[in-house]
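Input: a single structure, listed below in structure tokens.
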Amino acid sequence: MATAATTMHVEVVSAERAVLSCEATELYARGIEGQIGILPGHQPALIALDVGPVKIVLADGQVELIAVHRGLLFVDADRRCIVLADVAEPASGIDVRRARAKATQLEQQLEADPHDEVLLAAMKRNRIRLEVAEAASIL
């Protein structure tokens, strides 16, 4: 079990609800400039997040995966990380069958208009949801 000196407090909050509050040893996310890893003692930072998975290694070694659709990652000097996301879906809350059906629907719509930016963004968000749910199933 990790001690307080080797952990940080992590909170993940979406526009709709608090998703996760825990002690963690690692956090990985996709910033708009690329992947970032946060460990306890990281320098304070404010990072813009892209659509992507957030991986959190809990103090007991378990891993939480969350699909995040843009937002901010705030790291302060007191060993605290806060993910403020437009949308944040824990892997356990993603309906894989529904996400696959949505992917099929989006693919059909994209055949008609392959350059539709709204459809392309929706496809990207849906792919991340599937990626997070499928990765969690093998952990």
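Here, each number is a calculation from the coordinates, and none is a lab measurement. Just so it is clear, the model here is predicted, and its values are computed rather than measured. Here the Cβ positions follow ideal geometry from the backbone for every residue, glycine too, while neighbour counts run over all protein chains shown.
Summary of computed values
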read-out: Taking region 94-137 and dividing mean pair separation by its residue count, relative contact order in percent (alpha carbons under 8 Å, at least six apart); value: 52
read-out: MRE, 222 nm, helices only [DSSP H, n ≥ 4, -39500 (n - 2.57), over the chain, to nearest 500]; value: -9500 deg cm²/dmol
read-out: Region 70-139, dipole about Cα centre (Lys/Arg Cβ +1, Asp/Glu Cβ -1), debye to the nearest 20; value: 260
read-out: Percentage relative contact order, the chain, counting C-alpha pairs under 8 Å, at least six apart; value: 22
read-out: For region 68-83, 3J(HN,Hα) per residue [Karplus equation, 6.51 cos²θ - 1.76 cosθ + 1.60, θ = phi - 60°, Hz, x = Gly/Pro]; value: 10, 10, 6, x, 10, 10, 10, 10, 10, 6, 9, 6, 10, 10, 10, 9
read-out: Packing-based ranking, highest mean first, of 39-48, 63-72 given that Cβ atoms within 10 Å are counted; value: 63-72, 39-48
read-out: Estimated dipole of the chain in Debye, rounded to 20 [Cβ of Lys and Arg +1, of Asp and Glu -1, Cα centre]; value: 200
read-out: Net charge of Cβ neighbours under 14 Å - reference Ala48; Lys, Arg +1; Asp, Glu -1; value: -1
read-out: Dimensionless Rg/Rh of the chain - Kirkwood Rh, Rg from C-alpha atoms; value: 1.02
